[in-house]
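Undergrad: Please find one structure pasted underneath; my questions will follow.
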Amino acid sequence: MILAFVPWLVDANNRARPDWTGIEARGFIFGPPIALAIGAKFVPLRKPGKLPGEVISEDYVLEYGKDCLQMHIGAVQPEERALVVDDLIATGGTLCAAMNLLERVGAEVVECACVIELPDLKGRERLKGKPLYVLVESH
Amino acid sequence: MFAAENGLKGDPRLQAISRAIRVVPDFPKPGIMFQDITTLLLDHKAFKDTVDIFVDRYRDMDVSVVAGVEARGFMFGPAIALAIGAKFVPLRKPRKLPGEVIAESYVLEYGTDCLEMHVGAVEPGERAIVIDDLVATGGTLSAAIKLLERVGAEVVECACVIGLPEVKDCCRIKGKPLYILVEPRLSDECC
């Protein structure tokens with residue numbers, strides 16, 4: 001599965017090395033190996049109260065409730081090119097919050113990447129026009 | 001044992017790994033100098049070196065399971081598992097794992113908690129390592145070892161990036177060896 005990501009990332013990487021952000025906690029399982037393989041830094045996006053330093057926060061609506069995502073200030077610099085990874089996209093709320101965090105610090109979100117998509121929930125339409133790369137669909 | 005005392009004495013990678021870890025005072029509560037590994041993850045070379053040191057140690061030890069403790073263990077464990085050809089098994093807080101689980105309660109440095117593992121993820125007789133970012137009292141690692149032993153696995157070693165001084169004199173957790181890369185720094189001031 002990791003091999004499926006890497007060739008695509010190498011193509012995207014030809015322009016500039018992107019950052020690789022992963023969403024707690026299942027995004028942490030896939031993101032770091034990919035970041036290591038492509039020479040990118042890994043930035044964890046976490047639930048409130050977990051990151052020890054100064055953070056910015058973004059609230060979002062979940063498939064089943066609502067939550068908040070945080071990122072360390074200073075982890076990502078303006079104009080850095082970023083990818084977001086999570087295990088699954090459902091309604092797209094979490095990924096949208098992740099993208100908002102990155103854009104608020106001036107980064108450019110290149111693409112979102114998930115192992116699984118639930119296409120019936122149309123999460124793809126909430127990604128503000130950003131591309132989404134998935135490996136498998138589940139209906 | 002600390003890596004510097006076990007073959008990596010003077011290894012410049014260890015110094016760079018230590019420097020890449022940020023110290024945040026008074027988190028999660030006053031008096032604690034929190035060792036923040038997120039800055040290590042931003043330093044690609046130091047992050048890669050961290051993983052490579054563990055991979056070099058475990059690749060020939062016939063390890064088929066890398067068990068990572070939520071959530072910071074997830075940042076190191078999968079990369080190690082992939083490199084050594086092992087499976088990765090997440091050990092999670094309650095009610096995160098969707099399938100049938102076994103659970104083990106433990107005492108933290110600052111409170112109590114519970115760790116769960118999927119039934120069937122690990123088979124009897126498998127050789128496992130446990131990975132986390134930091135070991136303090138060893139409570140979390142002890143719970144992890146118990147989960148793995150309850151399903152009949154053999155825990156070969158526990159591996160952590162950072163080890164608090166308390167474990168330096170007691171380099172075993174529940175009789176299992178402990179392998180640690182660096183000690184915590186007291187502050188981000190120049191050392």
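The values are calculated or read from the model by the stated rules, or taken from the named source; none is laboratory data. Just so we're clear, the structure is a prediction, and the values are computed from it rather than from any experiment. Using ideal geometry, Cβ is built from the backbone for each residue, glycine included, and neighbour counts are taken over all protein chains shown. Surface accessibility is based on the protein's heavy atoms, side chains included, excluding ligands, DNA and RNA. Shrake-Rupley method; radii C 1.70, N 1.55, O 1.52, S 1.80 Å.
Undergrad: Evaluate the range B:49-57: report whether one residue or more is more than 14 Å from every other protein chain (Cβ to nearest Cβ) and hydrophobic (A, V, I, L, M, F, W, C).
TA: Checking the range B:49-57: not a single residue is more than 14 Å from every other protein chain (Cβ to nearest Cβ) and hydrophobic (A, V, I, L, M, F, W, C).
Undergrad: Condition first: surrounded by fewer than 18 Cβ atoms within 10 Å (Cβ to Cβ) and among the polar types (S, T, N, Q). Now tell me which residues in the range B:96-154 satisfy that.
TA: Once the filter is applied, which keeps residues that are surrounded by fewer than 18 Cβ atoms within 10 Å (Cβ to Cβ) and among the polar types (S, T, N, Q), the range B:96-154 yields B:Ser105, B:Thr112, B:Thr137.
Undergrad: Further question on the same structure: Any idea which of A:Leu95, A:Leu88, A:Leu102 is assigned to a helix (DSSP H, G or I) and farther than 21 Å from A:Glu54 by Cα? Steps first, please.
TA: Numbers: A:Leu88 fails: assigned to a helix (DSSP H, G or I); A:Leu102 fails: farther than 21 Å from A:Glu54 by Cα.
Residue meeting the stated conditions: A:Leu95.
Undergrad: Return yes or no: is B:Ile53 β-branched (Val, Ile, Thr) and within 25 Å of B:Gly10 (Cα to Cα)? Step through it out loud before you land on a result.
TA: Values: β-branched (Val, Ile, Thr): yes; within 25 Å of B:Gly10 (Cα to Cα): yes.
The answer is yes for B:Ile53.
Undergrad: Also, I was wondering about something else. Tell me yes or no: at least one residue of the range B:24-45 is polar (S, T, N, Q) and either away from chain A (no Cβ under 11 Å) or under 24 Å from B:Glu116 (Cα atoms) (or both).
TA: no
Undergrad: State the number of residues belonging to the range A:44-53 that are crowded, with 24+ Cβ neighbours inside 10 Å and more than 7 Å from every other protein chain (Cβ to nearest Cβ).
TA: 1
Undergrad: Being within 28 Å of B:Val24 (Cβ to Cβ) and in contact with a Ser or Thr (Cβ under 8 Å, 6 or more places away or on another chain) is the requirement here; does A:Pro44 meet it?
TA: Judged against the criteria, A:Pro44 is a match.
Quick grid of which residues meet (1) within 20 Å of B:Leu41 (Cβ to Cβ); (2) touching a strand residue (DSSP E or B) at 6+ places or on another chain (Cβ under 9 Å):
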| position | (1), (2) |
| --- | --- |
| A:Ala37 | yes, no |
| A:Ala82 | yes, yes |
| A:Leu121 | no, yes |
| A:Lys128 | no, yes |
| A:Pro131 | no, yes |
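Undergrad: So in the range B:19-29, with the set limited to residues that are at pLDDT 95 or above and not small (Gly, Ala, Ser), which one is most open to solvent (accessible area, probe 1.4 Å)? Walk me through it before giving the result.
TA: Of the residues in the range B:19-29, the ones at pLDDT 95 or above are B:19-27.
Applying the additional criterion that residues be not small (Gly, Ala, Ser) yields B:19, B:21-27.
On the way: B:Arg19: 146, B:Ile21: 4, B:Arg22: 63, B:Val23: 11, B:Val24: 18, B:Pro25: 74, B:Asp26: 88, B:Phe27: 38 Å².
This residue is B:Arg19.
Undergrad: Please specify each residue of the range B:46-95 satisfying the condition of being of a type in the set (A, V, I, L, M) and open to solvent by 60 Å² or more (accessible area, probe 1.4 Å).
TA: B:Leu82
Undergrad: Tally the residues that are open to solvent by 20 Å² or more (accessible area, probe 1.4 Å) and closer than 26 Å to A:Gly123 by Cα, restricting the search to the range A:69-81.
TA: 4
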